[in-house]
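What follows draws every value from the coordinates through simple rules; no lab data is involved. Treat the numbers as computed from the prediction; the structure is a model and nothing was measured. Please note: Cβ atoms are built from the backbone with ideal geometry, for glycine as well, and neighbour counts cover all protein chains shown.
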Amino acid sequence: MKQVYNPYLPLWEYVPDGEPHVFGDRVYLYGSHDAFGGRKFCVNDYVCWSAPVTDLTDWRYEGVIYRRTQDPRMANGKHELWAPDVVQGKDGRYYLYYCPDDTIRSIGVAVCDTPAGQYEFYGLIKDEKGGVLGERPGDTIAFDPGVFMDDDGEIYLYSGNGPRTVKAIGKEPKASVVMTLHDDMVTLKTEPRPLLPTLGRSEGTGFEGHEFFEASSIRKIGGRYYLIYSSFTNHELCYAVSDRPDGGFRYGGVVVSNCDLFPGREGKPLACFGNNHGGLECINGQYYIFYHRETNRSICCRQGCAERVEILPDGTIPQVAMTSCGLNGGPLSAKGTYSAGIACHLYGKVTPTYSHPMAMLGRHPYITQDGPDYDPDRGGEPPRAYIANGKDGMVAGFKYFHMTGATTITVRTRGTARGTLFVRTAPDGAPIAQLPVAPSRDWTASTAALTPTGGDHALYLCYQGRGRLDILDFTLN
């Protein structure tokens with residue numbers, strides 16, 4: 001039985017900032033490309049993955065589509081390639097828009113005849129006099145470009161970055177902006193205009209508490225324009241909606257948070273968090289929000305996830321929860337082996353914090369892998385993901401499974417831990433199984449009978465005891 005989990009790409013792949021686009025009968029996933037163990041964002045070349053719109057379990061690696069060194073400004077290979085977007089031009093070709101790291105503050109464009117072929121450097125966004133956007137006096141910082149062609153053929157380019165703290169307000173020329181392009185896809189037709197309010201400039205706008213920070217992503221749905229963006233809180237993707245693409249946007253709400261925080265609800269983060277970036281796409285009649293999560297105690301080791309969303313008749317989008325089965329079309333089967341790396345909730349006794357070693361300080365469980373950064377073009381055995389540093393009070397949550405008929409669970413663990421691993425359908429619920437955990441240097445399996453539990457449920461692995469626990473996977477039968 002074919003299934004797809006969150007993250008939807010292999011667990012050795014780190015493609016954050018996901019922008020999904022349906023071209024023809026396939027959905028193509030563009031994004032940045034982190035390296036496992038990388039100390040900076042987006043240090044790998046752009047790759048693309050795609051899947052048939054009718055089968056989101058079947059993701060195919062399309063290979064490297066654009067290398068950092070192809071941009072003449074980046075020939076030394078020392079710069080990063082930050083979040084891109086792609087649009088099909090009027091000439092039928094595909095145009096990839098990107099910003100390098102913040103030492104190069106202008107937008108590059110590459111072009112290709114096919115959605116996932118070899119893109120070639122095409123040019124920089126310039127005005128009609130040849131001035132490079134982002135380098136002219138008075139320009140705001142070009143950042144995270146989003147691109148969109150409307151039904152009338154007008155080409156809109158979105159960009160921008162905002163302050164994340166009150167202290168940072170006004171220190172750099174930051175803003176959310178929109179502009180239009182000529183049909184050559186690189187020349188400004190209209191100059192950048194302010195779009196969404198940023199921190200310190202939102203009073204009375206309705207965006208208070210969710211001001212624009214970065215990650216502009218635009219879609220047209222039912223005659224309305226939806227701008228997905230990352231707010232200054234960092235962990236949430238919000239949306240703004242308007243009847244036109246170049247202004248009048250009203251705050252809509254949060255679509256997803258990568259630590260499952262819901263505004264207005266009491267509670268704590270359910271995973272260590274960091275920045276978020278993604279896009280909304282309709283695939284075979286169903287809308288999905290693509291976003292990313294942090295791993296490996298790092299903000300530079302991010303993986304793409306996705307969830308089904310509903311757009312209500314009044315145009316609103318209710319916030320969705322993180323799951324382990326986002327693109328699957330329903331709960332996972334209670335038959336088979338599942339990597340611990342698909343946990344959508346992961347926390348301990350200490351409230352989850354920013355995904356960074358200096359913030360986590362060895363107190364939190366985290367997802368990592370047992371080998372170096374993996375390049376499928378070079379072949380070899382890919383690394384395995386696992387949960388590390390589980391301590392007394394650790395909770396690892398997996399949502400959801402169709403539990404009818406499940407009779408046993410087997411969990412493979414290692415570490416210095418001695419205690420009990422309780423299996424629950426809610427973090428504080430009654431156990432439906434319990435497994436003894438003893439110190440082991442190698443991965444060791446433990447099996448227990450499951451209390452019969454029909455229907456669809458979350459599963460939580462909750463550790464109580466001494467020492468440190470790693471979890472590789474679990475098998476349901």
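In the chain, with Lys and Arg counted as +1 and Asp and Glu as -1 at Cβ, which of these residues, 131, 27, 327, has the Cα nearest the positive end of the dipole, that is, farthest along it?
327
In debye to the nearest 20, how big a dipole does the range 83-149 give about its Cα centre with +1 on each Lys and Arg Cβ and -1 on each Asp and Glu Cβ?
Details: 6 positive and 11 negative charges, 34 e Å.
Dipole about the Cα centre, nearest 20: 160 debye.
Considering the options 462, 337, 357, tell which one lies farthest towards the positive end of the dipole of the range 332-476, charges being +1 on Lys and Arg and -1 on Asp and Glu at the Cβ, about the Cα centre.
Of the candidates, 462 comes out farthest on the positive side.
Loop-only check: which GluC sites (Glu not before Pro) in the range 277-374 are DSSP coil with at most 16 other Cβ within 10 angstrom?
310
Summing +1 for each Lys or Arg and -1 for each Asp or Glu, what net charge is found among the other residues whose Cβ lies under 12 Å from the Cβ of residue 399?
So the environment of residue 399 carries a net charge of -3.
Say the dipole of the chain comes from +1 at the beta carbon of Lys and Arg and -1 at that of Asp and Glu; which of 92, 318, 222 then lies farthest toward its positive end?
Of 92, 318, 222, it is 318.
Rg/Rh for the range 332-476: what does it come to with C-alpha atoms and Rh from Kirkwood?
Details: Rg = 15.2 Å, Rh = 15.7 Å.
That ratio equals 0.97.
Between residue 314 and residue 76, what is the label-to-label distance in nm when each label sits 7 Å out along the Cα-to-Cβ direction?
The answer from the label model is 5.5 nm.
Separation of the range 91-136 and the range 165-188 by C-alpha centroid, Å?
The distance from the Cα centre of the range 91-136 to that of the range 165-188 comes to 15 Å.
With r as the distance between the Cβ atoms of residue 441 and residue 224 and R0 = 56 Å, compute the FRET efficiency 1/(1 + (r/R0)^6) and round to 0.05.
Numbers: r = 57 Å, r/R0 = 1.02.
E between residue 224 and residue 441, to the nearest 0.05, is 0.45.
For Cα pairs less than 8 Å apart in space and 6+ apart in sequence, what is the mean separation divided by the residue count of the range 19-309, i.e. the relative contact order in percent?
13 percent.
What does the range 158-223 give for Rg and for Dmax, in Å, if only its C-alpha atoms count?
Cα radius of gyration and Dmax of the range 158-223 are 13.7, 40 Å respectively.
Quote the charge dipole size of the chain about the Cα centre in Debye, to the nearest 20; the model charges only the Cβ of Lys and Arg (+1) and of Asp and Glu (-1).
1880
Note the per residue figure in Å³ for the convex hull of the C-alpha positions in the range 94-182.
Looking at the range 94-182, the number lands at 123 Å³ per residue.
Measure off 7 Å from each Cα along the Cα-to-Cβ vector at residue 416 and residue 23, then give the distance between these two points in nanometres to one decimal.
For residue 416 paired with residue 23, the spin-label model returns 5.2 nm.
Could you compute the FRET efficiency for residue 381 and residue 182, with r as their C-beta to C-beta distance and R0 at 45 Å, rounded to 0.05?
The computed FRET efficiency comes out at 0.35.
Please list, by residue number, every one of the GluC sites (Glu not before Pro) in the range 88-187 that is coil in DSSP and has at most 16 other beta-carbon atoms within 10 Å.
Details: sites: 120, 128, 135, 154; in loops: 128, 135, 154.
Filter output for the range 88-187: 128, 135, 154.
So for the range 332-476, averaging the separation of alpha carbon pairs under 8 Å that are six or more residues apart and normalising by length, what relative contact order in percent results?
Working: 375 pairs, mean separation 47.5, N = 145.
Value for the range 332-476: 33 percent.
Quick one: compute the contact order of the range 16-56, relative version, from alpha carbon pairs under 8 angstrom and 6+ residues apart, as a percent.
On the way: 66 pairs, mean separation 15.0, N = 41.
Relative contact order for the range 16-56 comes out at 37 percent.
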